[in-house]
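*Asks:* Before anything else, here's the structure in question.
We did not get these values from a lab; they are worked out from the coordinates using the rules stated. What you are looking at is a predicted structure, and each value in this text was computed from that prediction instead of being measured. All Cβ positions, even for glycine, are placed from backbone atoms using ideal geometry, and neighbour counts span all protein chains on display.
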Amino acid sequence: MEKDSIEIEKVYELEWPGWSLENNKYGEDFDAEARVRMIETGRKLLPYLLDYIPDSSKNYLEIGPFFTPILFSDEITDTLRKDRQVSFLENDKNVISWLTDRFDCSVLNLDINATTFSDELKQEMMTQFGVHENFYDVITISQIVNYIDYKLLLKNIYPFLNTGGYIFINNVVDYGIPVLFSEKRPKSNQEIINAAIALGYKVKLQEELSKTFNEEPHYRLILILTK
Ligand SMILES: C[S@@+](CC[C@H](N)C(=O)[O-])C[C@H]1O[C@@H](n2cnc3c(N)ncnc32)[C@H](O)[C@@H]1O
């Protein structure tokens, strides 16, 4: 192991079940440095969450948390009301057992790219929460839209967002692990904004952030949607 990698691993926890660095299949797209980039840029949403989430928000959904759930970061845990209810939507079995071992949370164990996603999401929401609409006050979607049919996701979660609730999106188009990318990923930041508006969302805030790392091919989109 390189000296730099040892130093990095002292600061960050980068060994995750099912995603060990030793057996990393994705080369430099998911080596120690790439994992640090993911962790650091996932945190880009934090100031927006802290600024925009109203105190009254009770029900939260984090889509694609991986091993770095922002809704259980120290900053969020210290700030948000203690009786908040957190759900995760995730399809990686290792991530799901890691999350359920550690956190008081519900899990929607669903594959967004499955043809059955829409029906299964409705069924899970009914089974777990007894609701078919207007449930979540806050939904986060950070660094996942490149891997999924993002329009389908935005369409299917629309009914479950509370009126006046917020969706927070954090993404760099074409950045991540390319072999896992979806053909239905966004082609530009403007495309995401247009798609959201076409689905009925209102844009509360849109910002493009300059690159944090040279590897990022485009400006980062921070988008806050409401309905
Ligand atoms: C790059 S990680 C993002 C981690 C974190 N949210 C961040 O901002 O850094 C992408 C996450 O999306 C999940 N994911 C990818 N494809 C998915 C799918 N088809 N259905 C559900 N979750 C998926 C992965 O398992 C992983 O947790």
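*Asks:* Going 7 Å from the Cα of Gln206 in the Cα-to-Cβ direction, what parts of region 160-174 have a backbone nitrogen less than 18 Å from that spot?
*Replies:* Those under the cut-off are 166-174.
*Asks:* Suppose the chain between Asn24 and Asp119 were pulled fully straight at 0.36 nm per residue; how much longer would it get relative to their current alpha carbon spacing?
*Replies:* 30.8 nm
*Asks:* Give the aspartates and glutamates whose C-alpha is closer than 15 Å to that of Lys204, dropping any in the same chain fewer than 8 places away, or say none.
*Replies:* Cα-Cα hits under 15 Å: Asp51, Asp137.
*Asks:* Further, regarding this structure: If you build the convex hull over the alpha carbons only and average its shadow over all orientations, what do you get for region 113-153? Give it in nm² to one decimal.
*Replies:* Numbers: hull surface 13.6 nm².
Computing the convex hull of the Cα atoms and averaging its projections yields 3.4 nm².
*Asks:* Quick one: of Lys93/Lys227; Lys155/Lys202; Lys25/Lys151; Lys122/Lys155, which pairs are farther than 21 Å apart, Cα to Cα? Write down the numbers at each step before the final one.
*Replies:* Details: Lys93/Lys227 32 Å; Lys155/Lys202 13 Å; Lys25/Lys151 28 Å; Lys122/Lys155 12 Å.
Too far apart for the 21 Å limit: Lys93/Lys227; Lys25/Lys151.
*Asks:* When the Debye formula is applied to the Cα atoms of the chain, each taken as the same point scatterer, what base-10 log of I(q)/I(0) results at q = 0.18 Å⁻¹?
*Replies:* Relative scattering, expressed as log10 I(q)/I(0), comes to -1.57.
*Asks:* Would you list, by chain and number, the lysines whose Cα falls below 20 Å from the Cα of Lys82, excluding same-chain residues fewer than 8 positions away?
*Replies:* Within reach: Lys58.
*Asks:* Right, something else. Which of the aspartates and glutamates could be linked to Lys44 by a straight reach, that is with a Cα gap under 18 Å, when you skip same-chain ones fewer than 8 residues away?
*Replies:* Here the aspartates and glutamates satisfying the reach criterion relative to Lys44 are Glu33, Glu62, Asp74, Glu75, Asp78, Asp174, Glu207, Glu208, Glu215, Glu216.
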